[in-house]
Structures are given as C-alpha cells and as structure tokens.
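**Q** Pasting in a structure now, in structure tokens, and then I'll have a few things to ask.
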Amino acid sequence: MNTPNPACQVHGIFDKATWTVTYVVHQGPGTACAIIDSVLDYDPKSGRTRHASADKVVDYVRANDLKVAWILETHAHADHLTAAPYLKAQLGGKTAIGHHITAVQEVFKGIFNLEPGFKADGSQFDHLFAEDEAIQVGGLTGKALAVPGHTPACVAYQFGDAVFVGDTLFMPDVGTARCDFPGGNASTLYASTRKILSLPPQTRLFMCHDYPPNGREVTFETTVAEQRAHNIHVHDGITEQQFVEMRTRRDATLEMPVLILPAVQINIRAGEMPPKEDNGIAYAKIPLNAL
C-alpha cells in the first residue's frame, strides 16, 4: 500500500503469518526513511528463523534508493519477533523504542530468569525516546507519543498527519488491544486512546495489525474521525468505566499469543538472540505456569 503524500509517504507491508504490518515512512525516492515494527519469520515448531518478511522491506528500501535513519518499535511485541538487527545489518539505521522499555525489561528479566549480564536499562537499543521527543527522518520531523496501557512502554509515532499507533488501536470493527499482559492497564489504555482520538479528525491512523472479521479484506489505515464514530470499543460516548469493564471481561477469555514466550524475551533485547551457550546454540526459555 502506498499513500501519496509528498510530505509523508507511507508504504505498508503485511505479514499474513502474524497479521502484522511493517511500515516504511519517507518523502519519496532517494530520501531518508524510518522502518516501523518489522517482522522476523519464526517457526514455533522448529525454532527456525527466516527473513522473508524483512527482505520485502529490504527490497522496497533499495528499489526506492531510501536511506534508513531509524528502525522503530512501537513496543516489545508479544505476537512476533522483530527483524531490527537483520535490517540494521542490511540497511543501516538506528534502533529505537520508548524509554519505558526499561520497566518491561525489568519485569520479564524476572519472569524468564535471564542471565545476570542482561541489563534492564534499554542499552540494547541505540536510542530510547522520551515522551514527545522529536524524530528526524531527513526532511521529515516526527515525534514519539507515549500511549501506554497495552504495555507500559507503548509509543505511537507521528509524522505530519500520519500516526503509527502500534497495538493501542485496531481497525474500528476490531477495537482495541488487550491489557492483561504484565504491566498492562485498561484505564491507562483508555486514556491513551483518547489522546490519539483528540488529534484532528482527518489524521491518518496506521495499525500495527489487522485481524479482519467476517471475511473482510485486510486493511490497516483509518482516520481519527472513523475511529471516533465507529470503533466498537472506544467510539465517542464510551466512558472509561464502560471500557474498563468490557476490556477486563474480554481479556479474561483470551489465550496467550502463540509467540509470546520467544517474542518478548528476544524483543526486549532489541531483536538480538540470547547469548549462545557452550555448544554454540542460543536458547529461548519457556517458563512453566508463569503467565
């Protein structure tokens, strides 16, 4: 998908295996770009990784002679592994996430009983964004918006009239993100959705995922106006109490994402694999009865 806008062009690459959209944001061929929420292919049956999804990003960047300034994460995803290290090796750029990733690292360092050398200080990333901190991508100036609730570290990225909302919101007929992961909070998520939906009505909102109901085609762009009118969880008129009650009931029925155990422990490392053991193999841990 390409959105024609000379100020901020958006190219979305959909990964069917994880229902995730990776975005490349730029001003046209030959300009700087940012990559948002990349995907590393992972087979949970074998533990093997591949780069098919990430290579689509590489191909697009090279075909348009783009220069990668940033490889951005909206949060430490629980449903897919990031391909940030691979993309950085292929294309350059700096990895970044919101500065509250340290709280997520601290929690999951304990859950996974990670090695003593693992630092819960965000140093695995090249940069940690403070709230409303500016992001320069060539001639584009964006900013990081703190939108916690799904996780404490969730951020959205705004470039002009385009906002990349991560897992805060989904398409209007899907609703909002769950809040039952460690550090999640439904009241906090409600405030974050209202923050996004207070932007001008024509603001373009780009979803991190789409889970299309009733056989509709995959789509991942909407507007503030459409969300305020039609989002099944947070349309105008829904109170915080109503949202929290709905979200709490719904979250109690949801299973954990298929990839949460490998994804989180790798994503809090900015996509790097755990240290190899003395046989030369890296291992992802599976804590039993911990989540």
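**Q** Would it be correct to say that SER38 is part of a loop (DSSP other than H, G, I, E, B), of a type in the set (Gly, Ala, Ser), under 15 Å from the mean Cα position of the chain (by Cα) and at pLDDT 95 or above? Please lay out each step first, then the result.
**A** On the way: part of a loop (DSSP other than H, G, I, E, B): yes; of a type in the set (Gly, Ala, Ser): yes; under 15 Å from the mean Cα position of the chain (by Cα): yes; at pLDDT 95 or above: yes.
It is true that SER38 is part of a loop (DSSP other than H, G, I, E, B), of a type in the set (Gly, Ala, Ser), under 15 Å from the mean Cα position of the chain (by Cα) and at pLDDT 95 or above.
**Q** Quick check: is even one residue across the range 168-182 touching a Cys at 6+ places or on another chain (Cβ under 8 Å), polar (S, T, N, Q) and part of a loop (DSSP other than H, G, I, E, B)?
**A** For the range 168-182, residues touching a Cys at 6+ places or on another chain (Cβ under 8 Å), polar (S, T, N, Q) and part of a loop (DSSP other than H, G, I, E, B): present.
**Q** Next question. In the range 225-250, how many are over 16 Å from LEU199 (Cβ atoms) and touching a helix residue (DSSP H, G or I) at 6+ places or on another chain (Cβ under 7 Å)?
**A** Going residue by residue through the range 225-250, those that are over 16 Å from LEU199 (Cβ atoms) are 230, 232-233, 237-250.
From what's left, touching a helix residue (DSSP H, G or I) at 6+ places or on another chain (Cβ under 7 Å): 233, 240, 243-244, 247-248.
Qualifying residue count, the range 225-250: 6.
**Q** Oh, and also: Restricting attention to the range 38-47, does a residue exist that is in contact with a His (Cβ under 9 Å, 6 or more places away or on another chain), farther than 30 Å from GLY183 by Cβ and touching a residue at least 40 places away in the same chain (Cβ under 8 Å)?
**A** no
**Q** Condition test on ALA103, is it of a type in the set (Gly, Ala, Ser) and either over 18 Å from VAL264 (Cα atoms) or in contact with a strand residue (DSSP E or B) (Cβ under 8 Å, 6 or more places away or on another chain) (or both)?
**A** Working: of a type in the set (Gly, Ala, Ser): yes; either over 18 Å from VAL264 (Cα atoms) or in contact with a strand residue (DSSP E or B) (Cβ under 8 Å, 6 or more places away or on another chain) (or both): no.
Against the criterion (of a type in the set (Gly, Ala, Ser) and either over 18 Å from VAL264 (Cα atoms) or in contact with a strand residue (DSSP E or B) (Cβ under 8 Å, 6 or more places away or on another chain) (or both)), ALA103 does not qualify.
**Q** If we scan the range 86-103, do we find a residue that is more than 18 Å from the chain's Cα centre (by Cα) and among the polar types (S, T, N, Q)?
**A** Within the range 86-103, the subset more than 18 Å from the chain's Cα centre (by Cα) is 89-92.
Still in the list and also among the polar types (S, T, N, Q): 90.
Yes, the range 86-103 has at least one match.
**Q** OK, next. Give the residues of the range 130-150 that are charged (D, E, K, R) and not in a loop (DSSP other than H, G, I, E, B), sorted by residue number. Please lay out each step first, then the result.
**A** At the first step, the residues of the range 130-150 found to be charged (D, E, K, R) are 131-133, 143.
Correct list: LYS143 only.
**Q** Looking only at the range 151-159, decide whether some residue is in a loop (DSSP other than H, G, I, E, B), on the phi > 0 side of the Ramachandran plot and in contact (Cβ under 8 Å) with a residue 24 or more places away in the chain. Show your work before the answer.
**A** Residues of the range 151-159 in a loop (DSSP other than H, G, I, E, B): 151-154.
Filter once more, so that each one left must be on the phi > 0 side of the Ramachandran plot: none.
No, the conditions are met nowhere in the range 151-159.
**Q** If you go through the range 249-268, how many residues are surrounded by fewer than 12 Cβ atoms within 10 Å (Cβ to Cβ), under 18 Å from PRO44 (Cβ atoms) and small (Gly, Ala, Ser)?
**A** The total comes to 0.
**Q** Can you tell me which residue within the range 252-272, out of those that are under 18 Å from CYS154 (Cα atoms) and not in a helix (DSSP H, G or I), is modelled with the lowest pLDDT?
**A** Here is the first cut: in the range 252-272, the ones under 18 Å from CYS154 (Cα atoms) are 257, 260, 263-271.
If we keep only those that are not in a helix (DSSP H, G or I) as well, we get 257, 268-271.
Values: PRO257: 94, ILE268: 98, ARG269: 98, ALA270: 98, GLY271: 98.
So the residue we want is PRO257.
**Q** On to the next question. Counting residues that are among the small types (Gly, Ala, Ser) and either modelled with pLDDT under 95 or closer than 21 Å to CYS208 by Cα (or both), which strands (runs of 3 or more DSSP E) fully inside the range 41-117 reach at least 1? It would help to see each step written out before you state the result.
**A** On the way: elements: 41-43, 48-50, 67-72, 94-98.
Here the list reads 67-72, 94-98.
**Q** Only one of (1) within 20 Å of the chain's Cα centre (by Cα); (2) modelled with pLDDT of 95 or more fails for GLY30. Which number is that?
**A** (1)
**Q** Taking the range 269-287, which residues are closer than 27 Å to HIS127 by Cβ, surrounded by 12 or more Cβ atoms within 10 Å (Cβ to Cβ) and either more than 22 Å from the chain's Cα centre (by Cα) or charged (D, E, K, R) (or both)?
**A** Start the filter on the range 269-287 by keeping residues that are closer than 27 Å to HIS127 by Cβ, which leaves 269-276, 282, 284.
Still in the running and surrounded by 12 or more Cβ atoms within 10 Å (Cβ to Cβ): 269-275, 282, 284.
Once the filter is applied, which keeps residues that are closer than 27 Å to HIS127 by Cβ, surrounded by 12 or more Cβ atoms within 10 Å (Cβ to Cβ) and either more than 22 Å from the chain's Cα centre (by Cα) or charged (D, E, K, R) (or both), the range 269-287 yields ARG269, GLU272, PRO275, ALA282.
**Q** Return the residues of the range 18-35 that are crowded, with 21+ Cβ neighbours inside 10 Å and in a strand (DSSP E or B); say none if nothing qualifies.
**A** First, the residues of the range 18-35 that are crowded, with 21+ Cβ neighbours inside 10 Å: 18, 20-26, 33-35.
Scanning the range 18-35 gives THR20, VAL21, THR22, TYR23, VAL24, VAL25, HIS26, CYS33, ALA34, ILE35.
**Q** Would the range 127-135 turn up any residue that is crowded, with 22+ Cβ neighbours inside 10 Å, at pLDDT 95 or above, of a type in the set (Asp, Glu) and in contact with a strand residue (DSSP E or B) (Cβ under 8 Å, 6 or more places away or on another chain)?
**A** Quick first cut of the range 127-135, residues crowded, with 22+ Cβ neighbours inside 10 Å only: 129.
Imposing the further condition that a residue be at pLDDT 95 or above reduces the set to 129.
From what is left, the residues that are of a type in the set (Asp, Glu) are none.
Within the range 127-135, not a single residue is crowded, with 22+ Cβ neighbours inside 10 Å, at pLDDT 95 or above, of a type in the set (Asp, Glu) and in contact with a strand residue (DSSP E or B) (Cβ under 8 Å, 6 or more places away or on another chain).
**Q** If a residue has to be within 26 Å of ASP180 (Cβ to Cβ), part of a helix (DSSP H, G or I) and not aromatic (Phe, Trp, Tyr) to count, how many in the range 212-245 make the cut?
**A** Summing the residues that are within 26 Å of ASP180 (Cβ to Cβ), part of a helix (DSSP H, G or I) and not aromatic (Phe, Trp, Tyr) in the range 212-245 gives 8.
The values are calculated or read from the model by the stated rules, or taken from the named source; none is laboratory data. In this text the structure is predicted, and so the values were computed from the model without any measurement. Every residue, glycine as well, gets a Cβ built from its backbone with ideal geometry; the counts of neighbours run over all protein chains shown.
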